[in-house]
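Submitted below is the structure of interest, expressed as structure tokens.
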Amino acid sequence: MRVVMSLEIVKPASMGEAIEALGRYGGEARPIAGGTALVLMLRQGLVAPPAVVRLDGVPGISSIAVDDGLIRIGAMATLRQVGESAEVRARLPILAGACGLVGNVRVRNAATLAGCLCEADYASDPPAVLAALDARARLERSGGTRELPVLDLITGFYETALMPGELVTEILVPVPPVDAHQVYLKFSTRSSEDRPCVGVSAVLQLDQDHRIADLRVAVGAATERPLRLLEVEQATLGEPAAGDLFAAIGEGLAEAADTINDVRGSAAYRKRMIAVFVRRALEQAARGESGAWRS
Amino acid sequence: MPDSRATQQFHDAELKVAGQIPYALNVDLPRLVHARCVRSPYAHARILNVDASRAQTLEGVVCVLTRDDLSDGSILPYYGAAIKDQPIVAIDKVRHVGDVVAAVVAETPEIAAEAAALVEVEYEELPAVFDALEALQPGAPLVHEQIVDHYEIPPNAGIRPVNGTNLINHMKIRRGDIEAGLAESDLVVEEVYSSPALQHCALEPHVTVADWEDDELTIWSATQMPHFVRQQVADVFRVPVQRVRVLVSTLGGGYGSKTYTRMEPLAAVLARKTGRPVKLLLSRAEEFVTTTKHEARVHIKTGVKRDGTIQAREVEIHYNAGAYADRSGTIARSGGVGAIGPYRVPNVKVDAYAVYTNRPNAVPFRGLAVSQVAWAYECHTDEVARRLGMDPVEFRQRNLLGEGDTFCTGEELHDVHFAPLLEDSAASIGYAEPLPAPSRPERVVGRGLGVIIKHMGSNPATTQLQIRIDADGSIFALSSTVEVGQGSRTVLAREVARALSVPEERVQVPYVDTDATPPDQGTSSSRSTFFNVMAAQVAAEDVRKQLRELAGRVFEVPEGDVQINGDLVSVPGGGAKLPPLPLGEAWRRPAGPSPGEGGLEMHELLKLAGVPSITGTGSFRTEIGLDPDTGQGKASHHWHQAAAGAVVEVDRETGKVYLLRLHLATHAGRVVDRHNAELQNEGCAAFGLSQALFEEISFDGGQVVNPNLSDYNIASMIDFPAAFTTTLAESPDPDAEVHGLGETGLPAVPPAIGNAVRDALGVRIPTIPLVPERVLSAIEGSAPHPNPPPRRGEGITPFPLAGEGGDGGV
């Protein structure tokens, strides 16, 4: 009897070859970028693909470019690259900051932003930030290309809308207006390197009368997938930016959230923390602060 | 000026940086095969059948070891540090999730893992017990049906297990009259504190390579106790110890997890069965079911006079030992001794229980037994002071043990430094100054302190050290102390050099080889530096005695005329005759000064005498012992002492504790190597803050739900506060006794943080870790929310795992 599986490793030299390779193996092959998630899953036997397709030999897909109100982030751009990029720091301080808070520098040097979305691990910082920024993912497979909002790409608990053989080739992030303030608050309940218990991303633009011109809030790490309440956001437009409004938005999100129980916090505790950190993130943004903070 | 680049310390650092440490993991031998354990998914079950036939047919599988291989009586199928109650693979039943049921050997680790999943085991599940208190109730499921007269228990084990119960040992202290002491107190405070099971999380997991050649067994292992392993493995095969050789290079951390015997008997039996060298390496997940720290519950009651004098203290401790006794009986004893704390208490009653349960094995853990009780008594002492309306520092100072005071064991204490250590910690966190303002409106600030006493070693212990001097000038320090990362090779080189008055870089420290390095109890209990320093002095004296004899003979003078100054041997007064040399051997005569003038270096004398080598031997032994019914006697050769101080900020909305300041002051006596000593102290602080705030093995019944380093969280560098300081309190006497520092400071840190949180919130939290949810519940006065298991199936890592081998490093 011979049952030990051998894993084939494919190293394409172009994106075309990569897409083609992923199309083989009945769509069962997995792309691998930094490997910080996939290697652990392979080792634990949680996934057993016939092949992995390495993206590190594909030229030109780790770039970060500014393009007409968008920042385009390539499939192989690492969290470290995104966190250190002058363009991202200037235009999307919330994203640069959040990437800089993931794990530790060894993880950030290997893990990619696109890989982070494909893993769809709830206990992660970047997905909620990208969701609040209305980011989109560009997906390619043999015979087709499409774009999906990040909020729709992650469909559930480690689940995505990716079709078999489909690859995230690029992440497109619209740059908010310069007078919008962006805040990410990462709340972890244990060590500084722990994954978040709750992460809250807020983008807030106020008019001259201190009324809300644009408000976007996404909650991450507390629920199976990032949570936004678009109708609540819409309803706040034109309202005065005040503490009780922010508290009410926090309570609303907490109530709507179907929170997760794990070693980082119970479902009940997470609900309460959503309310606290949504309020705090919006208050900070209303004070004109921008960036990402660990607490 | 000695060349520091030639020292053992530099050499070790260089090897580490270059990736050249010969860790047991790196041992590679011709025909080496790899082993993998089959582990129980049940906490308690009878084994009905083990079927290895499918696994055996897998290509690349060499053999599968099951209980059938242990049944012919040729080997002793059990081992264990005190009670030989742990089977090499399960025989009649499994006693915890992860218990070893069988083991597969294959050509590659991957095939072994694949085959392990094919071993079919039929179980009949039995009722299980996980809590130490419940396990002592009448009618509780028995983890071992019979202990006494069933398992081998050495007569000097110093424990009293009871058949028909789960009790491994009950330790008692009876001093004064507890009832009267409590009755005459103005205030009695009674509380319960608890601390969870932890994992040691050494960077290097357990790894053993075993190889038989004819009837000789060689074992390379990541062990803190090479001579102990040698004895236990020899016992398994019923062969003289000389047939077993244990080799240990450097460990990637141990913290107690590699004490006593772990995977060595299994690896040796597998090597015997296959006739090939076998490597057995545990995965990170397996580490969590192989060694843990004792979960403990401490019920503590103190009576005080209105003036702040402690009258009486009564403590009951339950240590959850898990499925096998290992060292738990002695751990109860050490914890019992440490449970009163460094205070003068005339009336004492202590009952410490070590109890079998269906949890993974609990074994020694840095801060052995004392960190559990120190968490209790230092929080409790603080609480007593507050309820009396006294300042907690003033209250402690009033009751702390001083020079010549009598400890709860009846022994008189000397070299006592609690008061200055506490003062140092208080000053370092600005205790006399006003509280700093909180950084944000929702936060509150608090300060706390802790002071602890800890034994050195739980049993009488011996270390032997040899100094070998060769005629070519080489000097070897031969000791079986293991380099765990603590710098023992640096210490050995330095202390042997000091004892011989030679430059440090001349002393080489070979790795441990039980065939060549002398017997030693083991590298544990913060005892190695002290014992080796004492033994080195005796060994150096033995060297000098031999040199005097040799010089007397060679120079034809009475031994008494020979002088040894530093490393120079001389015969002042001109009486020395140079020995006649046989023709053709004049080259033996060294150039340079004659013995009558400046003297000869030691090795020059050997050359002159035609002696290739001399070896001086030194032993150091401590004698301790307590009466089992009263706990009176001598519990430790000397006492480790430490104090810590912490300043915290607590977010009242989230319950999160932010450490602003941490100080740790430890009594060091004489410091051998400042750099390593400071690192030991800082390591204790890191472990302490991690245990206070983050660490806990979470269980779902008997199943560990967080057996990886993502779900089980340890402190990182960033978790140290910006204001982090340590003190090594040194004696002004340059020849003062050396105090071990490996564990000393650790137990003081969690209560200092706990007391700071109490100070900030006005609420006492009796359980660590002080995770935000627990703190928030305490703030709101609600019952602490139990940490539920994760909802995600993937978060739970059940055994056995198909192809599992990852460690969840992120």
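The values are calculated or read from the model by the stated rules, or taken from the named source; none is laboratory data. A quick note: this is a predicted structure, and the numbers were derived from the prediction, not measured. Virtual Cβ from ideal backbone geometry, glycine too; neighbours counted across all protein chains shown.
Is one or more of the residues making up segment B:543-562 assigned to a helix (DSSP H, G or I) and modelled with pLDDT under 90?
No - not one qualifying residue is present in segment B:543-562.
Being within 14 Å of another protein chain (Cβ to nearest Cβ) and either without any contact (Cβ under 8 Å) to a residue 40 or more places away in the chain or under 17 Å from the mean Cα position of the chain (by Cα) (or both) narrows it down to one residue among A:ALA218, A:ALA213, A:ALA222, A:ALA202; which is it?
Sole residue among the options that is within 14 Å of another protein chain (Cβ to nearest Cβ) and either without any contact (Cβ under 8 Å) to a residue 40 or more places away in the chain or under 17 Å from the mean Cα position of the chain (by Cα) (or both): A:ALA222.
So, A:LYS186, is that one buried (at least 18 other Cβ atoms within 10 Å of the Cβ), of a type in the set (Lys, Arg) and closer than 19 Å to A:SER290 by Cα or not?
It is true that A:LYS186 is buried (at least 18 other Cβ atoms within 10 Å of the Cβ), of a type in the set (Lys, Arg) and closer than 19 Å to A:SER290 by Cα.
Of the residues B:GLY275, B:GLY322, B:GLY256, which is in contact with a strand residue (DSSP E or B) (Cβ under 9 Å, 6 or more places away or on another chain), under 25 Å from B:ARG160 (Cα atoms) and touching a residue at least 12 places away in the same chain (Cβ under 8 Å)?
From the options B:GLY275, B:GLY322, B:GLY256, the qualifying one is B:GLY322.
Same structure again: Inside segment A:27-102, counting only helices (runs of 4 or more DSSP H) that do not spill past its ends, which hold 2 or more residues that are within 30 Å of A:GLY143 (Cα to Cα) and at pLDDT below 95?
Per the criteria, A:38-43.
Across segment B:284-333, which residue is nearest to B:VAL143 (Cα to Cα) among those that are part of a loop (DSSP other than H, G, I, E, B) and among the hydrophobic types (A, V, I, L, M, F, W, C)?
Selected residue: B:ALA323.
Moving to a separate point now. Taking the condition in a loop (DSSP other than H, G, I, E, B) and closer than 30 Å to B:ALA715 by Cα, does A:SER201 pass?
So A:SER201 fails the test.
Only one residue in A:GLY35, A:GLY57, A:GLY26 is within 14 Å of chain B (Cβ to nearest Cβ) and out of contact with any Ser or Thr (no Cβ under 6 Å at 6 or more places or on another chain). Which one?
Going through A:GLY35, A:GLY57, A:GLY26 in turn, the sole match is A:GLY35.
Let me ask you something else. Which is surrounded by 22 or more Cβ atoms within 10 Å (Cβ to Cβ), modelled with pLDDT of 95 or more and either charged (D, E, K, R) or over 30 Å from A:MET41 (Cβ atoms) (or both), of B:PRO772, B:PRO751?
B:PRO751
Right, something else. In segment B:620-677, which residues are closer than 19 Å to B:SER334 by Cβ and of a type in the set (A, V, I, L, M, F, W, C)?
The answer is B:ILE624, B:LEU626, B:ALA635, B:TRP639, B:ALA642.
Which one of these is without any contact (Cβ under 8 Å) to a residue 60 or more places away in the chain, more than 26 Å from A:VAL102 (Cβ to Cβ), out of contact with any His (no Cβ under 9 Å at 6 or more places or on another chain) and surrounded by 15 or more Cβ atoms within 10 Å (Cβ to Cβ): A:THR259, A:THR236?
A:THR236
Please enumerate the residues belonging to segment A:284-295 that are under 18 Å from A:PHE246 (Cα atoms) and either without any contact (Cβ under 8 Å) to a residue 40 or more places away in the chain or part of a loop (DSSP other than H, G, I, E, B) (or both).
A:ARG287, A:GLY288, A:GLU289, A:SER290
Listed here are the residues, each with its yes/no results for (1) in a helix (DSSP H, G or I); (2) within 11 Å of chain B (Cβ to nearest Cβ); (3) under 20 Å from the mean Cα position of the chain (by Cα).
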| residue | (1), (2), (3) |
| --- | --- |
| A:ILE249 | yes, no, no |
| A:ARG272 | yes, yes, no |
| A:PHE277 | yes, yes, yes |
| A:LEU282 | yes, no, yes |
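Being in contact with an Asp or Glu (Cβ under 8 Å, 6 or more places away or on another chain) and in contact (Cβ under 8 Å) with a residue 40 or more places away in the chain is the filter; apply it to segment A:39-57 and report the residue that is nearest to A:GLU84 (Cα to Cα).
The extreme case among them is A:VAL52.
Is one or more of the residues making up segment B:299-314 within 24 Å of B:ILE83 (Cα to Cα) and modelled with pLDDT of 95 or more?
Taking every residue of segment B:299-314 in turn, none turns out to be within 24 Å of B:ILE83 (Cα to Cα) and modelled with pLDDT of 95 or more.
Looking at B:THR223, B:THR165 in this structure, which one is within 30 Å of B:ASP515 (Cα to Cα) and assigned to a loop (DSSP other than H, G, I, E, B)?
Going through B:THR223, B:THR165 in turn, just one is within 30 Å of B:ASP515 (Cα to Cα) and assigned to a loop (DSSP other than H, G, I, E, B): B:THR223.
Continuing with the same structure: Can you tell me how many residues within segment B:232-268 are over 28 Å from B:LEU746 (Cα atoms) and of a type outside the set (A, V, I, L, M)?
Within segment B:232-268, residues that are over 28 Å from B:LEU746 (Cα atoms) and of a type outside the set (A, V, I, L, M) number 10.
Could you grab the pairs with beta carbons closer than 6 Å, sequence gap of 6+ or different chains, first residue in segment B:99-117 and within 10 Å of chain A (Cβ to nearest Cβ), second one in a helix (DSSP H, G or I)?
Going by the 6 Å Cβ cut-off, the qualifying pairs are B:ALA106/B:ALA112; B:ALA106/B:ALA115; B:ALA115/B:ALA55.
Can you name every residue in segment B:713-748 that is at pLDDT 95 or above, within 14 Å of chain A (Cβ to nearest Cβ) and more than 25 Å from the chain's Cα centre (by Cα)?
Matches in segment B:713-748: B:PRO721 only.
Give the residues of segment A:90-134 that are free of Cβ contacts under 8 Å to residues at least 40 places away in the same chain, away from chain B (no Cβ under 14 Å) and more than 10 Å from the chain's Cα centre (by Cα), sorted by residue number.
A:ALA90
Please find, among A:ALA241, A:ALA221, A:ALA180, the residue that is at positive phi and touching a helix residue (DSSP H, G or I) at 6+ places or on another chain (Cβ under 9 Å).
Only one candidate qualifies: A:ALA221.
Here is a follow-up. Across segment A:135-174, which residue is nearest to A:VAL88 (Cα to Cα) among those that are in a loop (DSSP other than H, G, I, E, B) and within 14 Å of another protein chain (Cβ to nearest Cβ)?
Ranking the candidates gives A:TYR158 first.
What's the number of the condition B:ARG39 fails, among (1) modelled with pLDDT of 95 or more; (2) more than 17 Å from B:HIS206 (Cβ to Cβ)?
Status for B:ARG39: all satisfied but (2).
A:ALA268 - would you say it is closer than 26 Å to A:ARG190 by Cβ and more than 12 Å from every other protein chain (Cβ to nearest Cβ)?
In short, no.
I'd like to check which strands (runs of 3 or more DSSP E) are fully inside segment B:50-145 and have at least 3 residues that are of a type in the set (Gly, Ala, Ser) and buried (at least 24 other Cβ atoms within 10 Å of the Cβ).
Qualifying strands (runs of 3 or more DSSP E): B:100-106.
Further question on the same structure: Which one of these does B:VAL648 not meet: (1) surrounded by 22 or more Cβ atoms within 10 Å (Cβ to Cβ); (2) away from chain A (no Cβ under 14 Å); (3) not in a strand (DSSP E or B)?
(3)
So B:PRO22 ticks every box in (1) modelled with pLDDT of 95 or more; (2) assigned to a loop (DSSP other than H, G, I, E, B) but one. Which box is left unticked?
For B:PRO22, the exception is condition (1).
Give the residues of segment B:458-476 that are buried (at least 24 other Cβ atoms within 10 Å of the Cβ) and over 17 Å from B:PRO226 (Cα atoms), sorted by residue number.
Listed by number, the residues that qualify are B:SER458, B:ILE467, B:ILE469.
Using beta carbons and a limit of 6 Å, which pairs, at least six apart or on different chains, have the first residue in segment B:233-248 and surrounded by 18 or more Cβ atoms within 10 Å (Cβ to Cβ) and the second one in a loop (DSSP other than H, G, I, E, B) and of a type in the set (D, E, K, R)?
B:ARG245/B:ASP515
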